[in-house]
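*Asks:* Please read through the structure below; I'll follow up with questions.
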Amino acid sequence: MQKYIIFVQIKIKHTQTMNIIILAAGMGTRMKEKTVKIPKCLIEVNNEKIIDRQLKNIKQLKPNNVIIVTGYLSDLLENYISEKWGNILNLKFIESKEYKTTNNIFSLYLTKDYMKDDFMILESDVFFEKKIFNNIDFKNKNLWFTDKFTINSDGCMLTSDKNNNIKKIEIIRKKLSYYGNNIYKSIGILFIGKQKQKIIELLEYEINSGNKNIYFDLLFSKYINNINISIQNIFPKKWFEIDNQNDLEKAEQLFI
């Protein structure tokens, strides 16, 4: 019998230089039965750690640096990632000493020296398939990766105009009376390819003003009229944000 080898090519239009920032400082308190001894991103979905899935999927982007902000159990996380990925990706680790009293805006602030090049932000609890990056032209764009916002959604909601540009960003914790075609759910991935210096300045201003304990989404919410960010809708590609045990069970069913 003749055997064939089939090569699948993933088409990605690269920027000249891209740094990838993974925010992994949090304690994962909503999964405390699993995060007593490990950071949340080391939890497994069908025997694959969340952080391994992320690093495997971003490798195709050929990043210049992968910057990982640690905090809770930082030594354990850094040792694991370094041992498994140190010879594959150019890793940089930044430890947030204030992880107990700050939110991910402060973690992002700690990476500002890597924002002079194009950069991508990833929340470390998102499990996704790598084809969400297929056929995307990143050059000179700001892109927020999203899915449809449905009756089962909560968290960061993005509202776009007719040109697919984001005009409003909100944190939603309750059911809405209306679910329009122009509202989207953040999947925790944001690419910045322009207005980088402005974003650095706004981030520094907010941190210096004492706003360390908010989601980074709210930084962009506050200044969205001054920053042009487009929706990059990944539907129907698969992803899941894992905040609690119920989310983990759903993610394992989705990625069987």
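*Asks:* If you scan segment 171-191, which residues turn out to be surrounded by 14 or more Cβ atoms within 10 Å (Cβ to Cβ) and within 20 Å of the chain's Cα centre (by Cα)?
*Replies:* The answer is ILE171, ILE172, ILE183, TYR184, LYS185, SER186, ILE187, GLY188, ILE189, LEU190, PHE191.
*Asks:* Please note which strands (runs of 3 or more DSSP E) are completely contained in segment 91-155 and include at least 2 residues that are under 14 Å from the mean Cα position of the chain (by Cα).
*Replies:* 118-123, 126-128, 142-148
*Asks:* Among the helices (runs of 4 or more DSSP H) contained in segment 173-256, which hold 1 or more residues that are among the β-branched types (Val, Ile, Thr) and closer than 24 Å to ASP118 by Cβ?
*Replies:* It comes to 196-208.
*Asks:* Here's another thing I want to ask about it. Does LYS59 meet the test of being surrounded by fewer than 18 Cβ atoms within 10 Å (Cβ to Cβ) and modelled with pLDDT of 95 or more?
*Replies:* It is true that LYS59 is surrounded by fewer than 18 Cβ atoms within 10 Å (Cβ to Cβ) and modelled with pLDDT of 95 or more.
*Asks:* For GLU95, all conditions in the list (1) closer than 18 Å to MET31 by Cβ; (2) touching a strand residue (DSSP E or B) at 6+ places or on another chain (Cβ under 6 Å); (3) of a type in the set (D, E, K, R) hold save one; what is the number of the exception?
*Replies:* It is condition (1) that GLU95 fails.
*Asks:* Being without any contact (Cβ under 8 Å) to a residue 12 or more places away in the chain, surrounded by fewer than 15 Cβ atoms within 10 Å (Cβ to Cβ) and within 19 Å of PHE235 (Cβ to Cβ): is that true of ASN152 here?
*Replies:* yes
*Asks:* What are the pairs, 6+ residues apart or on separate chains, where a residue within segment 210-238 that is closer than 19 Å to PHE138 by Cα and loosely packed, with under 15 Cβ neighbours inside 10 Å has its Cβ under 6 Å from a residue that is at pLDDT 95 or above and of a type outside the set (S, T, N, Q)?
*Replies:* What qualifies is PHE235/ASP147; PHE235/LYS148.
*Asks:* If you don't mind, another one. Please find, within segment 57-87, the residue that is nearest to PHE191 (Cα to Cα) out of those that are within 14 Å of the chain's Cα centre (by Cα) and in contact (Cβ under 8 Å) with a residue 60 or more places away in the chain.
*Replies:* Result: ILE58.
*Asks:* I would also like to ask the following. Taking segment 62-81, which residues are surrounded by fewer than 20 Cβ atoms within 10 Å (Cβ to Cβ) and under 23 Å from LYS112 (Cβ atoms)?
*Replies:* LYS62, ASN64, ASN65, TYR72, GLU78
The values are calculated or read from the model by the stated rules, or taken from the named source; none is laboratory data. Bear in mind the structure is a predicted one, so any value in this text is a computation, not a measurement. Because the Cβ atoms are built from the backbone with ideal geometry, glycine has one as well, and the counts that use them run over all protein chains shown.
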